[in-house]
Amino acid sequence: MFVDSHCHLGSPELLERLPEIRAAMRAARVDRALCICTTLDEFERVHALALGDDDLWCSAGVHPDEEDSREPSVAALVALAALPKVVAIGETGLDYYRLGDRRPEDMDWQRERFRVHIRAARACGRPLVIHTRSASADTLAVLREEQGGQAGGVFHCFTETAEVARAALDMGFHISFSGILTFKNAADLREVAAFVPLDRCLIETDSPYLAPVPFRGKLNTPANVPLVAAAVALAKGLEVEQIAEATTANFERLFLGTVPRSSRIP
Ligand SMILES: [Zn+2]
Ligand SMILES: [Zn+2]
């Protein structure tokens, strides 16, 4: 079976087709998915999805691109993380891709929000779901300053270099690959996928965006995650079943372990 470790089933375009999508997931042997929260206002929606389905879980957090969103406090995130089926803090991180006429120095609000998420993850012993785009150096720097490695987690939808992957792995993080790995121009990323140890790999769709080849540009759903697994398998010279088995085990260990990470790792 396959697990989609990062999807936005709470987004309107997927939510309105939920029965159809769940059926397509079953047909594709995608048994489980983690529904990612992007704003505090969205939390109730993704949490309801997780509560209503044994094979769905959710996160709690505010995406770095959600500039005008309600700001979370450490206490608020810790409280949400204590609810049933909430297994991660995020997605959080830094995104300097759409700066407009601003400079990275102007993005203190984003870095401060990221710090709040890291502190919450450490406080509740839940892993972080990290989004980083055009901001890898600062993402790693903030994680180091806040000892984010103590919470652990995943760099999701990874598109950075092998050096960034190495630094994330050294801090104890997992690396998650998306449909981008199937894109024609992603040769460098396929080398990164070959390099990341199998026991630290996850797979995801980040749906509704980033549909893998041959569905590029179409609506993406968690049912497409086997195509990502196939791309990881190709990059590593392994069988798809090996990728399915390993990424499922990694997902269970990282997100579904009954003992919080912080109490397992001194
Ligand atoms: Zn993201
Ligand atoms: Zn996402």
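The values are calculated or read from the model by the stated rules, or taken from the named source; none is laboratory data. Just so you know, these numbers come straight off a predicted model, no measurement behind them. For neighbour counting, all protein chains shown are included, and Cβ atoms are generated from backbone atoms with ideal geometry for every residue, glycine included. When the accessible area is computed, the model is the full protein with side chains, heavy atoms only, and any ligands, DNA or RNA have been set aside. Shrake-Rupley method; radii C 1.70, N 1.55, O 1.52, S 1.80 Å.
At q = 0.10, 0.12, 0.19 Å⁻¹, what log₁₀ I(q)/I(0) does the stretch 27-159 have when each alpha carbon counts as one equal point scatterer in the Debye sum?
For the stretch 27-159, the Cα-only Debye profile gives -0.30, -0.44, -1.02.
Membrane-span-like helices in the chain: DSSP H runs reaching 15 Å or more (Cα, own axis), mean Kyte hydropathy at least -1.0?
40-51, 225-236, 240-251
How long is the gain from residue 101 to residue 20 if the chain were fully straight, where each residue apart is worth 0.36 nm and the alpha carbon distance is subtracted?
Details: separation 81, 0.36 × 81 = 29.16 nm, distance 4.22 nm.
Fully extending the segment from residue 101 to residue 20 adds 24.9 nm.
When we measure straight from the Cα of residue 184, which aspartates and glutamates land under 17 angstrom away, once same-chain ones fewer than 8 places off are left out?
Of all the aspartates and glutamates, those that pass the test against residue 184 - Cα under 17 Å, at least 8 places apart if same chain - are 160.
What percent of all Cα-Cα pairs in the stretch 106-174 falls in each 10 Å bin, counting up from 0?
Distribution as computed: 22, 59, 19, 0 percent.
Using Cα positions and a limit of under 15 Å, work out the aspartates and glutamates in reach of residue 85, with same-chain residues fewer than 8 apart set aside.
Excluding near neighbours in sequence, the set is 44, 53, 54, 55, 252.
What distance in nm separates the two pseudo spin-label positions at residue 54 and residue 1, each 7 Å out from Cα along the beta-carbon direction?
Modelled inter-label distance: 0.9 nm.
Evaluate the Debye formula for the stretch 1-76 with equal point scatterers sitting on the alpha carbons, no solvent, and hand back log10 of I(q)/I(0) at q = 0.22 Å⁻¹, in q order, two decimals.
Debye curve over Cα of the stretch 1-76, log10 I(q)/I(0) at q = 0.22 Å⁻¹: -0.98.
With a probe of 1.4 Å, find how much accessible area the chain has per residue, and write the answer as a whole number in Å².
43 Å²
So what does residue 245 come to for accessible area, using a 1.4 Å probe and Å² rounded to 10?
It works out to around 140 Å².
If we sort 190-200, 139-149 on the protection proxy, mean other Cβ atoms within 10 Å, highest first, what's the order?
139-149, 190-200
Between residue 187 and residue 13, what FRET efficiency comes out of the Förster formula 1/(1 + (r/R0)^6) with R0 = 30 Å and r the beta carbon distance, rounded to 0.05?
So the FRET efficiency works out to roughly 0.50.
Along its three principal axes, how long is the stretch 90-143 when you only count alpha carbons? Whole Å, largest extent first please.
Projected onto the principal axes, the Cα atoms of the stretch 90-143 cover 37, 16, 16 Å.
Please report Rg over Rh for the chain, where both radii come from the alpha carbon positions and Rh follows the Kirkwood definition.
Working: Rg = 16.9 Å, Rh = 18.1 Å.
My calculation puts Rg/Rh at 0.93.
If each Cα of the stretch 183-262 is one equal point scatterer, what is log10 of I(q)/I(0) from the Debye formula at q = 0.11, 0.16 Å⁻¹?
With no solvent term, the Cα-only Debye profile gives -0.31, -0.64.
For every helix of n ≥ 4 consecutive DSSP H residues, a contribution of -39,500 (n - 2.57) applies; sum these over the chain, divide by its total residues, and give [θ] at 222 nm rounded to the nearest 500 deg cm²/dmol.
-11500 deg cm²/dmol
In nm, to one decimal, how far is the residue 147 label point from the residue 70 one, both placed 7 Å along Cα→Cβ?
3.1 nm
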